[in-house]
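Here you go, one structure.
The values are calculated or read from the model by the stated rules, or taken from the named source; none is laboratory data. Everything numeric here is computed off the predicted structure, so don't read it as measured data. Positions of Cβ are backbone-derived with ideal geometry, glycine not excepted, and every protein chain shown enters the neighbour counts.
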Amino acid sequence: MTDGPRLPPGDAGWTDSHCHVQDRYLDAGPEGPAEVLGRAADAGVTRVVCVGTDPETSAGAVALASEAGLPVEVWATVGLHPHEAARGTSGLRELLDGRGAERVVAIGECGLDYYYEHSPRSAQLAALRDQLALAVERDLAVVLHVRDAFDDLFGLLDETGVPERTVVHCFTGGPAEAARCVAAGMVVSVSGIVTFKNAGPLREALTAVPLDRLMVETDSPFLAPVPHRGRPNEPAFVTVVGAAVASTLNLDLETLKQASTATASRVFRAGSAA
C-alpha cells in the first residue's frame, strides 16, 4: 500500500487532538483561525487536529489544514456528527477525493448521542456504520462521539469490528466504560471536563487507561476548562487539560505531554503503519 500523509512526531510541543477552529470561518466574529492558533503557539502547542461535524465544517477543516503559513500544524478530519445523522453521509467521499484530501487523517467525529437525540437512533446507527466502513476503506483513523450510548456503540462494534485506530473523544464515561474502550483497543481522549468539580468518575476512569492509549484535547470552542469557564475554549487551553490529567495520574507535565503527543502521532496517520 502506498504511504499516505502522516503526522510528524511533533515532539516540540502539545497536540490538541480535537478542536473546531474552522468554525471561526463560519461565524461573524472579529477573529479568524490564525489569531487563535497564534495564541496556541504561544502556549506551546505545535499541532492541532481540526474536526468536522458535517460536510460544511469538514470542508472548512480541510481548507484550514491546507492553508500555508499558519503558526501551528493543522490536520483535518471529515465526518458527520450524530446530531446531524439524519442528513446522511453523502458528501463525505467527495471531500476525501477533493482538494486538500492529503491533509485528512480521520473520519469523524461520528458516533451516538442518546442524551439529546437530535437525530433518531436508527439514523445515528446507520451513519456510524457507514463512517466506520469508510474509515476502514480509506485506512483512516476514526473519531467517536459517545454520550449515554456505550452499550449500543459496543453492540455495533461487535458486528463491524473496531477500526485499528479508533478514538473516543471527549470521554465522559467512568472506570467501567474506560476499561471496555481499552479492551477493545481504543484510545481515550480527555477534554476540559476533567477539570470540572463534578468529574470525579472521569478522573477515576483515567487510572484504567494506559498512558499510550491517552490523548488530551480541547474540543474548542466548547467545554473551556477551569479556570476559563464562561469564555470560548481554544487550543491554547490544552495545556490546562494536560496539567489536570498529569495531576490526576501523578505524572510530571512533560511526561504527559510527550506521551499524548506520541499517541496522536501514532493514531492520526494515513496509509501504511509508521
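Looking only at segment 169-200, which residues are under 22 Å from Val267 (Cα atoms) and aromatic (Phe, Trp, Tyr)?
Phe171
Could you go through segment 64-76 and let me know if any residue there is under 17 Å from Cys170 (Cβ atoms) and either of a type in the set (Gly, Ala, Ser) or touching a residue at least 12 places away in the same chain (Cβ under 8 Å) (or both).
no
Among (1) of a type outside the set (Gly, Ala, Ser); (2) within 21 Å of Arg269 (Cα to Cα); (3) in contact with an Asp or Glu (Cβ under 7 Å, 6 or more places away or on another chain), where does Glu137 come up short?
All conditions pass for Glu137, except number (3).
Just one of Val48, Val21 is at pLDDT 95 or above, crowded, with 23+ Cβ neighbours inside 10 Å and not acidic (Asp, Glu); which is it?
Checking each option against the conditions leaves just Val48.
If you don't mind, another one. Give, as residue ranges, the helices (runs of 4 or more DSSP H) completely inside segment 171-274 that count at least 3 residues that are closer than 22 Å to Val45 by Cβ and aliphatic (A, V, I, L, M).
238-248, 253-267
Between a first residue in segment 37-61 that is on the phi > 0 side of the Ramachandran plot and a second residue that is β-branched (Val, Ile, Thr), which pairs have beta carbons less than 7 Å apart while being 6 or more apart in sequence or on different chains?
Close Cβ pairs satisfying both conditions: Gly44/Thr239.
What residue, among those in segment 259-274 that are within 19 Å of Ala101 (Cβ to Cβ) and modelled with pLDDT under 50, is surrounded by the most Cβ atoms within 10 Å (Cβ to Cβ)?
Ala270
Among residues belonging to segment 212-227 that are in contact (Cβ under 8 Å) with a residue 40 or more places away in the chain and more than 18 Å from Val167 (Cα to Cα), point out the one that is surrounded by the fewest Cβ atoms within 10 Å (Cβ to Cβ).
Here the residue is Phe222.
Name the residues in segment 143-170 that are of a type in the set (Asp, Glu) and outside any loop (DSSP other than H, G, I, E, B), would you?
Passing the criteria: Asp151, Asp152, Asp158, Glu159.
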